[in-house]
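Have a look at the structure below, then the notes.
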Amino acid sequence: MKTYLNIFFLFLILCTACGNRKASDNQAEDIKSDSTKIFALPVIPALLNTPESRADYLVRHYWENVDFADTTYLDHREVMEQAWVDYIDIMKLVPEETAISAIKQMYKDAGKKKKVFFYFTDLAEKYLYDPNSPMRNEELYIPVLDAMLESTVLDDTEKILPKGRRELAEQNRLGRQAEDFTYTLVSGKSGTLYGVKADYTLLFINNPGCHACEEGIKELKQAPAINKEFEAGNLKILSVYPDEDKEEWERHLSDFPKEWINGYDKKLMIKEKNLYDLKAIPTLYLLDKNKKVLLKDAVVGQIEQYLQQRQ
């Protein structure tokens with residue numbers, strides 16, 4: 001799924017910021033005329049002449065020409081999916097609170113028809129929730145879950161899944177304290193997440209021998225910013241195996257650097273109490289010295305970028 005419209009919109013906004021209002025407005029008209037009949041993009045008013053105000057208007061009015069009660073839109077799924085993907089990508093241009101408010105309103109409007117509502121919630125699951133999606137973003141998925149729980153077109157049974165996901169999303173949320181747990185080393189000695197003392201703790205929940213985990217270990221070993229902080233003593237890596245096959249874990253201990261803290265969850269508390277959302281393995285969290293979540297369910301590249309900006 002390409003994301004080309006948002007790039008043009010960003011160009012449009014920047015041109016306006018440089019004072020070329022007439023050219024930008026003509027470009028906006030061209031976008032609208034070139035769009036398919038079933039999805040017409042909003043025309044940003046000329047009086048909005050700053051990048052911030054134009055981005056804000058675009059996000060809030062993106063769907064104004066769509067009648068969500070009309071199920072014939074679903075006959076053009078590829079076009080609507082592309083429009084939705086571009087919409088989510090454009091959220092990068094506005095503050096998080098604006099993005100969340102706009103998404104929640106969009107799904108409230110989409111709730112006029114159950115079939116349409118399900119279509120757009122499925123798109124949110126595919127792009128914002130699926131662990132394999134490069135657009136995965138739990139903070140943007142939360143307002144979708146809230147809209148589902150508040151929806152009048154879903155019955156109680158249909159709300160069970162979003163309710164469970166919403167509860168998990170609230171755990172270890174960005175900016176909040178991570179759930180503490182006890183890990184056990186191969187020596188039998190135990191420790192806790194909160195007992196790890198460092199400016200940063202990189203929590204690496206993984207399974208021994210899984211291909212994605214092996215790739216994750218390799219990436220972490222080769223990550224310059226992570227290793228710079230690690231060697232300086234500012235960052236510690238806590239690798240935890242959350243399942244029950246201790247012998248399998250022990251067989252793969254040599255896969256991990258000895259300098260890391262390599263433990264397993266002896267009492268299976270992470271798994272049985274759902275302390276962490278393990279929809280995908282491995283799972284990476286970056287925590288600060290007080291164990292506040294800085295990055296949740298992140299990839300190594302995101303952690304690298306975060307640390308580089310602070311070095």
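The values are calculated or read from the model by the stated rules, or taken from the named source; none is laboratory data. This one's a predicted model, so the numbers in the text were calculated from it and none came from an experiment. Cβ: placed from backbone, ideal geometry, glycine included. Neighbour counts: every protein chain shown. When the accessible area is computed, the model is the full protein with side chains, heavy atoms only, and any ligands, DNA or RNA have been set aside. Shrake-Rupley method; radii C 1.70, N 1.55, O 1.52, S 1.80 Å.
Taking the accessible area of the chain, probe 1.4 Å, and keeping the other protein chains in place, the carbon and sulfur fraction comes to 49%.
Charged side chains reduced to their Cβ positions (Lys and Arg at +1, Asp and Glu at -1) give the chain a dipole of some 600 debye around its Cα centre.
Along the chain, the longest continuous region that contains none of the trypsin sites (Lys or Arg not before Pro) in a DSSP loop with at most 16 other C-beta atoms within 10 Å is 38-111. Anything over 18 Å Cα to Cα? Flag those among LYS197/LYS266; LYS197/LYS271; LYS197/LYS218; LYS236/LYS292; LYS266/LYS292; LYS221/LYS266, in the order listed. Flagged as over cut-off: LYS197/LYS266; LYS197/LYS271; LYS197/LYS218; LYS266/LYS292; LYS221/LYS266. Karplus-based coupling profile of region 220-235, in residue order and whole Hz: 5, 5, 9, 7, x, 5, 4, 6, 5, 5, 5, 5, 7, x, 8, 9, with θ = phi - 60° in 6.51 cos²θ - 1.76 cosθ + 1.60 and x standing for Gly or Pro. Helical content alone sets the calculated 222 nm signal of the chain at -13500 deg cm²/dmol, taking -39,500 (n - 2.57) per DSSP H segment of four or more residues and averaging over every residue.
Rolling a 1.4 angstrom probe over the protein heavy atoms, how many square angstrom per residue are accessible across the chain? Don't jump to the answer; show the numbers that get you there.
Numbers: 15920 Å² over 311 residues.
Spelled out: the 1.4 Å probe surface of the chain, per residue, equals 51 Å².
Percent of Cα pairs in the chain per distance bin of 20 Å, from zero to the largest separation: 29, 48, 23, 1.
Pop the C-beta distance of GLN309 and THR71 into the FRET formula with R0 = 41 Å and round what comes out to the nearest 0.05. Once the sixth-power term is evaluated, E becomes 0.35. Backbone phi angles across region 179-191, fed through the Karplus curve with coefficients 6.51, -1.76 and 1.60 (θ = phi - 60°), yield HN-Hα couplings of 5, 7, 7, 9, 10, 10, 7, 4, 6, x, 6, 10, x Hz in residue order; Gly and Pro are listed as x.
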